[in-house]
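What follows is a short report on a single structure.
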Amino acid sequence: MFDNLSDRLLTTVKRVRGQGRLTEDNIKETLRDVRMALLEADVALPVVKEFIERVKTAAIGQDVLNSLSPGDVFVKVVNDELVDLMGAANESLNLAAQPPAVIMMAGLQGAGKTTTVAKLAKLLKERENKKVMVVSCDVYRPAAIDQLQTLADQVGVTFFPSSSDQKPVKIANNALSAAKKQFMDVLIVDTAGRLHIDDDMMDEIRQLNKAINPVETLFVVDSMTGQDAANTAKAFDQALPLTGVVLTKTDGDARGGAALSIRQITGKPIKFLGAGEKVDALEPFHPDRVVSRILGMGDILSLVEDAQRNVDVKKAEKMAKKFKKGKGFDFNDLKDQLEQMENMGGLGGLMGKLPGMPNMEQMKAQVDEKQFSRTVAIINSMTPKERSFPALIKGSRRKRIANGAGVQVQDVNKVLKQQLQMSKMMKKMAKGGMAKMMRAMGGKMPMGGGPMGGM
């Protein structure tokens, strides 16, 4: 998300930082570039106009023009205004109500509501330690109820059964009664998706909202619809007392126009971003962190939080002791590292959160995330003994492993070579510390200069 906008703004920012002094003329030229970048990112025109005017007013002030580093001050103005445009700070869910706190999800068909219900349930269960129940009031879409039950089982939350011959209000009231009896902290209500703004369907969801009186009514919208997402959110807000927005499919949206337009057009905060189909692919929306990434300044806070949630501390300590004793890096270690990296969004996701590194974009372009799963498949095709003692893997074993993983023998050879290189690095590190290991790497990325050695 925001890849195209980030590329354009970084070019503009780099140029303005090189200016010895700023004048109204070169600020005007820079603002024209910023304006084009926002429009190409599919940000709504009224939002762009207001944003540019605010940046211009701040930029031609004496604080910028007379600054010792006017370029940096101008960048800070753009940063602050982008943050303000998207809502200044993350607005968390209001769960301070008498349990169970009811959350209702609304949106158009195909936006990813049901998947988002499961993602949100998992997030509340794991990060907020909440007892969560989910229920489907979608009596129109075939298999919608079954889909939610499957997802509820997958994330380990309570599912309240319903059927397509029941009325949505009746389902919701029954679920609320059950949630109270079972001392649930949160009840998440999935509603039927609308194909468009249909009067009858909107009337139904209004009745449902009135019956259960949710503390949060979240509008789930596909970010890939761009500024249409903001307009649809506005239409729903006129029919329902929306408290926030969840943007889905952000991994497929390189523009980011929806995220930059929604708050300004609807006045409602974006509370979460969804990326991908995985049930853990939902994150709270932090405008300041998003802007930091757009302007190439990284997102260290999110990176640290990812590490705290996904890195197995016991395994890390065990591995550190192993390396300290000078023992090699076997395939069990490699598999653990790859899986933890995958849980943190893959190598591309990690690089996107690091502050500007030289050639970052070129490095990200080289990343083939499929190599992680392919390498794990190769390791899974090994016997436990082979994983612990890689030297055992000779000709016939390599062929068997390749067949088991559905890859070529050359692919197995590359993974074996990578493991050997990393094992040597770890042994050097044990003997002479980090400095010696860095010299051994020669300033290159491990694994052949790129993820999985370009395998």
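The values are calculated or read from the model by the stated rules, or taken from the named source; none is laboratory data. Treat the numbers as computed from the prediction; the structure is a model and nothing was measured. Note that we place each Cβ from the backbone using ideal geometry, even for glycine, and neighbour counts take in every protein chain shown.
Within segment 35-49, residues that are without any contact (Cβ under 8 Å) to a residue 12 or more places away in the chain reach partners that are buried (at least 20 other Cβ atoms within 10 Å of the Cβ) and in a helix (DSSP H, G or I) with beta carbons closer than 6 Å, at six or more positions or on different chains, in the pairs Leu39/Val48. Whenever a residue of segment 85-105 is modelled with pLDDT of 80 or more, its partners that are surrounded by fewer than 16 Cβ atoms within 10 Å (Cβ to Cβ), lying with C-beta atoms within less than 8 angstrom and at least six residues away or across chains, give the pairs Leu95/Glu128; Pro99/Lys180; Pro99/Phe183; Pro100/Lys180; Ala101/Asn94; Val102/Asn213.
Residues Phe74, Phe51: which one is over 25 Å from the mean Cα position of the chain (by Cα), surrounded by 13 or more Cβ atoms within 10 Å (Cβ to Cβ) and modelled with pLDDT of 85 or more?
Residue meeting the stated conditions: Phe51.
Within segment 112-129, residues that are more than 15 Å from Met184 (Cα to Cα) sit with their Cβ atoms under 9 Å from residues that are of a type in the set (Ser, Thr, Tyr) and not in a loop (DSSP other than H, G, I, E, B), at 6+ positions apart or across chains, in these pairs: Gly112/Thr248; Lys113/Thr248; Thr114/Ser136; Thr115/Thr248; Thr116/Thr248; Val117/Ser136; Ala118/Thr150. Can you pull out the residues in segment 161-196 that are out of contact with any Ser or Thr (no Cβ under 8 Å at 6 or more places or on another chain), part of a strand (DSSP E or B) and charged (D, E, K, R)? Hit for segment 161-196 is Arg194, nothing else.
Within the option set Lys399, Lys427, Lys444, being at pLDDT below 70 and assigned to a helix (DSSP H, G or I) holds for one residue only, Lys427.
Scanning segment 125-156 for residues being within 22 Å of the chain's Cα centre (by Cα) and of a type outside the set (D, E, K, R) gives a total of 7. Here Ala59 meets the list (1) modelled with pLDDT of 80 or more; (2) crowded, with 18+ Cβ neighbours inside 10 Å almost entirely, failing just condition (1).
The set of residues in segment 137-160 that are closer than 24 Å to Asp203 by Cα and in a loop (DSSP other than H, G, I, E, B) comprises Cys137, Asp138, Val139, Tyr140, Arg141, Pro142, Ala143. The residues on offer are Asp199, Asp251, and the sole one that is modelled with pLDDT under 80, out of contact with any Ser or Thr (no Cβ under 7 Å at 6 or more places or on another chain) and under 29 Å from Leu5 (Cβ atoms) is Asp251.
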